[in-house]
1. Can you give the helix-only mean residue ellipticity at 222 nm for the chain, where every DSSP H stretch with n ≥ 4 adds -39500 (n - 2.57) and the sum goes over all residues, rounded to the nearest 500 deg cm²/dmol?
2. How high is the relative contact order of the chain, in percent, counting Cα pairs under 8 Å that sit 6 or more residues apart?
3. Determine which lysines satisfy two conditions relative to K74: a Cα distance under 26 Å, and not lying fewer than 8 residues away in the same chain.
4. Could I have the simple spin-label model distance between I112 and E75, label points 7 Å from Cα toward Cβ, reported in nm to one decimal?
5. Compute the distance from the alpha-carbon center of the range 26-53 to that of the range 157-200, in whole Å.
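Please treat every number below as a calculation from the coordinates, not as lab data. Computed from a predicted model, the values in this text were never measured in an experiment. As a convention, Cβ positions derive from the backbone with ideal geometry for all residues, glycine included, and neighbour counts pool all protein chains shown.
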Amino acid sequence: MKLFCEAIIKFLMGVLVVGLLIFIPAGTINYYNGLLFMAILFIPMFIAGIIMLFVSPKLLRSRLDAKEKEKEQKEVVLFSALMFVSGFVIAGLNFRYKWIILPDAVSIVAAIIFIFAYAMYAEVLRENAYLSRTIGVTDNQKVIDTGMYGIVRHPMYMTTIILFLMMPLVLGSIISFIIFLIYPFIIAKRIKNEEKVLERDLKGYKEYKKKVKYKLIPFIW
């Protein structure tokens, strides 16, 4: 019950904060792209949270813990927060003042890709019960090298790049999309530090790096 209450509170806070960042700058709740984005973001998130609560409460607890211990990761969190705030606010202002409005077809296609990436994200969570929002190694943690982890070393970050780059397109703002293009560089910084920690603390990770050579994009990087 304590975990459930904590999850619900954080979920509702997320809905409130994102809603305020989008709809206040838009000057109205009648912002179709904003409503579509809120639906495809938070409905699957709620469903996934309920599933984790009953199937893997330990994973849910680790996903709720966002307090980073590594200094470099704190910088990553800060840059990510600035990206989200500025991107959402600009999207709302873009709608309000009709700067550059993308066609509805772009938003719909982006929403479909977003949902597909969300399904990939769920599969990564299913494969790796050790996934945490913070960088570190837990007791008895093992290297996962099956499924998507047999293709790239960081499939979760691969899916989040797709998710986050689709967000501004769903919101109908090319300006916000340009802002969100900083995210792959933020993730590259996060991965660099994360792999140092995993090589140091996770047994078998160095061997795993030799086996799976690509970090995010198969045959490229």
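1. Values: 9 runs with 157 residues, N = 221.
Theoretical 222 nm ellipticity from helices: -24000 deg cm²/dmol.
2. Working: 246 pairs, mean separation 60.0, N = 221.
Relative contact order here is 27 percent.
3. K10, K58, K142, K189, K192, K196, K203, K206, K209, K215
4. With each label point 7 Å from Cα toward Cβ, the separation is 4.1 nm.
5. 20
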